[in-house]
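Handing you this structure, nothing more for now.
The values are calculated or read from the model by the stated rules, or taken from the named source; none is laboratory data. This is a predicted model, so every value here is computed, not measured. Cβ coordinates were reconstructed from backbone atoms using ideal geometry, including for glycine residues, and neighbour counts include every protein chain displayed. Just the protein is used for accessible areas: all its heavy atoms, side chains included, with ligands, DNA and RNA removed. Shrake-Rupley method; radii C 1.70, N 1.55, O 1.52, S 1.80 Å.
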Amino acid sequence: MEPRLKNPALLIPGALEAAQQLGAAVRRSGLPDSTLYLIEARASQINGCSVCLDMHTRELKASGEPDERIFMVGAWREAPYFTEAERAALALTEAATRLADRPDAIPDEVWDEAAKHYDESTLAALVVAVAAINAWNRIGVTTRMVAGSYRR
């Protein structure tokens with residue numbers, strides 16, 4: 001597979017830096033890295049973004065996550081490997097990634113469950129992180145970015 005275009009964030013002056021600043025702000029929020037990587041992997045699975053899924057599963061592995069959690073992120077509802085807080089974050093991620101799939105894009109039950117596990121700052125970080133990974137997924141899928149080149 002060949003990419004259609006070089007990463008657009010590298011072609012537009014300042015775009016990569018702006019995206020990196022957004023990511024850095026999320027990482028300073030207190031949201032656990034493992035939760036962040038899980039939601040980034042799940043959104044990337046849903047969106048079919050191989051380059052982002054490759055990156056975030058490698059980050060999970062490098063951060064010490066066991067294989068079971070990495071392999072089962074797509075079946076988190078049925079797998080025993082996730083905390084209630086992580087399940088709430090994954091549910092919010094799925095709803096916010098699939099906005100057009102239902103009339104009430106983010107049902108109150110999904111939001112309320114996330115709000116039980118995260119304070120205002122980390123809940124805001126979840127929202128921003130999901131928006132950011134969805135933006136990266138759309139760049140990756142649209143331009144057919146190729147997986148396999150990510151190095152930590």
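Working from Cα positions, state the angle (0 to 90°, nearest 10) between the long axis of helix 50-62 and the longest principal axis of the chain.
Approximately 60 degrees, to the nearest ten.
Follow-up question, since we're still on this one. Show that you can apply the helix-only estimate: for the chain, add -39,500 (n - 2.57) for every DSSP H stretch of four or more residues, divide by all residues, and state [θ] at 222 nm to the nearest 500.
-20000 deg cm²/dmol
Taking θ as phi - 60°, what are the ³J(HN,Hα) couplings along the stretch 89-105 by the Karplus curve (6.51, -1.76, 1.60), each to the nearest whole Hz, with x for Gly and Pro?
After applying 6.51 cos²θ - 1.76 cosθ + 1.60, I find 5, 5, 5, 5, 4, 4, 4, 6, 7, 10, 4, 8, 7, 8, x, 9, 3 Hz.
While we're here: Might you report the magnitude of the Cβ-based charge dipole of the stretch 1-96 about its Cα centre, with Lys and Arg at +1 and Asp and Glu at -1, to the nearest 20 debye? Let's see the in-between values first.
Details: 10 positive and 13 negative charges, 51 e Å.
In debye, rounded to 20, the stretch 1-96 gives about 240.
So, by mean Cβ neighbours within 10 angstrom, what's the order for 121-134, 4-17 with the highest one leading?
Result, highest mean first: 121-134, 4-17.
Still on this model: With r as the distance between the Cβ atoms of LEU10 and SER63 and R0 = 41 Å, compute the FRET efficiency 1/(1 + (r/R0)^6) and round to 0.05.
Values: r = 26 Å, r/R0 = 0.63.
The pair SER63/LEU10 has a calculated efficiency of 0.95.
Considering only protein heavy atoms and a probe of 1.4 Å, how much of the accessible area of the stretch 29-128 is carbon and sulfur, as a whole percent?
53
GluC sites (Glu not before Pro) within the stretch 46-79: which are DSSP loop residues with at most 12 other Cβ atoms inside 10 Å?
GLU78
Given Cα positions, please report Rg to Rh for the chain, the hydrodynamic radius being the Kirkwood one.
Using Cα coordinates only, the ratio equals 0.96.
While we're on this one: Just to confirm, what accessible area per residue do you get for the chain at 1.4 Å probe, in whole Å²?
Normalised by residue count, the accessible surface of the chain is 55 Å².
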